[in-house]
Amino acid sequence: MFERIRATLLYFRQAVPFRLVPATITTLVLVALLLVPVPEGLTPKAWGLVAIFLTTIVAIILKVMPIGVMAMMAIVIVSLSQVTSASSRGAVADALASFSSPLIWLIVVAILISRGLKKTGLGSRIGLIFIALLGRRTIGIGYGLAVCELALAPFTPSNTARGGGIVHPIMRSIATVFDSDPAKGTERKIGTYLALVNMHANTITSGMFVTATAPNPLVVDYVARVTNQQFHLSWTTWALCMLVPGLACLALMPLVLSVLSPPEMRATPHAVEYAAAELRRMGPVSAREKVMIGTFLLLLVLWANIPAMLFGPAFTLDPTAVAFVGLFALIITGTLDWDDVLSEKSAWDTLVWFGALVMMAEQLNKVGVIAWFSDSLKDGIVAAGLGWEAAAALLVLLFVFSHYLFASTTAHVSAMMLAFLTVGVQLVPPDYHAPFLLMMVAGSTIMMTLTHYATGTSPIIFGSGYVTLGAWWRVGFVMCLGELVIYALLGGLWWKLLGFW
């Protein structure tokens with residue numbers, strides 16, 4: 001009997017795809033939340049939805065199971081518990097409603113498009129070209145990696161695919177050429193510095209374009225929602241607003257990192273030779289790479305709404321429709337095939353987990369939870385007697401540094417941003433809404449610098465072993481503060497010149 005029980009437990013331990021201790025903690029969190037008396041101002045069903053949402057966030061943070069599985073768990077619980085509807089049919093419809101959202105499909109399709117960068121080799125070619133041009137010194141290689149990130153950012157909404165799948169292999173190859181290897185204890189020779197540049201260039205460029213990381217379109221939606229659609233960040237408006245402070249951060253970042261984590265090797269003439277040799281091995285630009293370049297230019301023109309500027313508003317295209325045009329162009333030219341589309345697991349994984357998080361955020365708003373939380377936060381700030389300037393700064397800092405509690409930028413944005421924006425527009429005078437909102441927008445990507453689990457790129461770069469945990473957190477904190485200051489001062493002046501306040 002005992003042997004059979006032991007064998008059964010052993011089987012489940014090996015077969016069931018969750019970590020037992022984090023799963024137990026998550027279950028206790030759910031039970032505890034459900035046992036808490038319903039706060040005044042919320043219905044029992046609304047509080048049940050809060051419990052499901054917070055439990056899902058905890059499960060994601062503790063990595064109980066892959067994030068897609070956690071999202072499916074949330075969909076199942078929302079459907080069965082009927083916390084959003086009086087019927088099972090209505091609850092299932094609510095749970096699946098976000099999967100028809102153009103916002104989510106924009107992200108999915110753009111990830112599929114970015115697969116072409118890896119398949120054609122264009123991403124590697126772009127990186128190697130910049131290394132060949134700038135790589136005679138270590139800091140020059142850093143700038144090469146940063147410019148490579150900037151060139152790819154408008155077309156790769158998965159910052160993980162860009163920083164971890166395209167730029168990071170280039171960075172590791174260069175470090176290996178100079179015998180900078182964590183296994184040999186020589187990581188500080190050049191690799192630690194380049195790994196940090198790899199990470200911080202990824203976070204800076206993620207904030208410069210709507211299509212540079214997955215949560216950005218959700219941020220656009222929240223900003224439009226709290227301003228009753230009066231302040232809408234189009235692709236062009238976002239890029240223009242973030243251009244000057246973003247470029248300033250990108251220009252200073254390699255210099256600052258050379259002080260915070262100086263490389264032992266300063267001169268790197270062999271990097272240019274390595275890049276040139278790799279480019280020779282790749283040969284001339286292939287036909288598929290030319291198609292990718294043409295597709296990117298087409299997407300850039302259409303996302304920037306240039307046809308509408310030239311021929312009138314009738315030629316305005318929805319960003320999601322533009323993304324589908326780009327994907328279709330790549331498929332019918334043979335640059336990508338249908339198997340590529342089907343095998344891009346990250347896109348379909350994003351569809352599930354992002355769709356579930358968006359669904360819960362929308363339902364929380366629908367049942368009044370966001371308004372309730374916003375009023376509570378506002379009352380607390382008012383009771384503290386803070387002026388609107390201090391209140392705005394506090395909201396930005398609380399939002400950014402609470403990212404220490406999150407292992408997903410999307411989860412953080414979904415969980416907290418709408419409430420913080422809502423409070424901000426109530427406390428800040430209307431004339432200053434724009435700079436507050438733009439600081440919150442900037443903070444939504446700046447916060448990715450903080451930890452080694454802050455975004456999908458982080459564990460890939462950290463896992464390569466070039467940066468210690470202490471160095472990662474120390475540098476991340478300093479860079480986060482520095483970038484917030486740049487956006488507040490230089491960004492504020494730039495937004496003033498643009499007429500936003």
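The values are calculated or read from the model by the stated rules, or taken from the named source; none is laboratory data. Predicted model, so just to flag it, every value in this text is computed and none were measured. Here Cβ is always computed from backbone atoms with ideal geometry, including for glycine, and neighbour counts include all displayed protein chains. In case anyone asks, the SASA skips ligands and DNA or RNA and just uses the protein heavy atoms, side chains included. Shrake-Rupley method; radii C 1.70, N 1.55, O 1.52, S 1.80 Å.
Screening residue 247 on (1) without any contact (Cβ under 8 Å) to a residue 40 or more places away in the chain; (2) not in a helix (DSSP H, G or I) shows it passes everything except condition (2). For the range 70-85, the condition holds for at least one residue, the condition being that it is within 23 Å of the chain's Cα centre (by Cα) and open to solvent by 50 Å² or more (accessible area, probe 1.4 Å).
So that you can scan it fast, the table gives a plain yes or no per residue for (1) farther than 30 Å from residue 188 by Cβ; (2) open to solvent by less than 20 Å² (accessible area, probe 1.4 Å):
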{"position": "222", "(1), (2)": "yes, yes"}
{"position": "225", "(1), (2)": "yes, no"}
{"position": "229", "(1), (2)": "yes, no"}
{"position": "246", "(1), (2)": "no, yes"}
{"position": "257", "(1), (2)": "no, yes"}
{"position": "279", "(1), (2)": "no, no"}
{"position": "284", "(1), (2)": "yes, no"}
{"position": "295", "(1), (2)": "yes, yes"}
{"position": "298", "(1), (2)": "yes, no"}
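Among residues of the range 106-135 that are among the aromatic types (Phe, Trp, Tyr), those with a Cβ under 6 angstrom from a residue that is modelled with pLDDT of 80 or more and in a helix (DSSP H, G or I), sequence gap 6+ or separate chain, pair up as 130/144; 130/147; 130/148. Quick one: which residue in 482, 465 is assigned to a helix (DSSP H, G or I) and open to solvent by less than 60 Å² (accessible area, probe 1.4 Å)? None of the others qualify; the one that does is 482. Take the range 146-165 and flag every residue that is surrounded by fewer than 24 Cβ atoms within 10 Å (Cβ to Cβ) and over 16 Å from the mean Cα position of the chain (by Cα). Within the range 146-165, 147, 151 qualify. Selection of first residues in the range 1-25 that are over 29 Å from residue 67 (Cβ atoms) and of second residues that are modelled with pLDDT under 70 and β-branched (Val, Ile, Thr), restricted to Cβ pairs under 7 Å at least 6 apart or on distinct chains, gives an empty result. Of the helices (runs of 4 or more DSSP H) lying entirely inside the range 323-403, those carrying at least 3 residues that are of a type outside the set (S, T, N, Q) and more than 20 Å from residue 436 (Cβ to Cβ) are 338-343, 345-366, 369-383.
Among the residues of the range 50-58, are any open to solvent by 30 Å² or more (accessible area, probe 1.4 Å), more than 28 Å from residue 323 (Cβ to Cβ) and among the hydrophobic types (A, V, I, L, M, F, W, C)? Scanning the range 50-58, I find at least one residue that is open to solvent by 30 Å² or more (accessible area, probe 1.4 Å), more than 28 Å from residue 323 (Cβ to Cβ) and among the hydrophobic types (A, V, I, L, M, F, W, C), so the answer is yes.
Checking 278, 264 one by one, the residue that is in a loop (DSSP other than H, G, I, E, B), at pLDDT 80 or above and under 30 Å from residue 194 (Cβ atoms) is 264 and no other. Within the range 259-277, the set of residues being hydrophobic (A, V, I, L, M, F, W, C) and open to solvent by less than 10 Å² (accessible area, probe 1.4 Å) comprises 271, 275.
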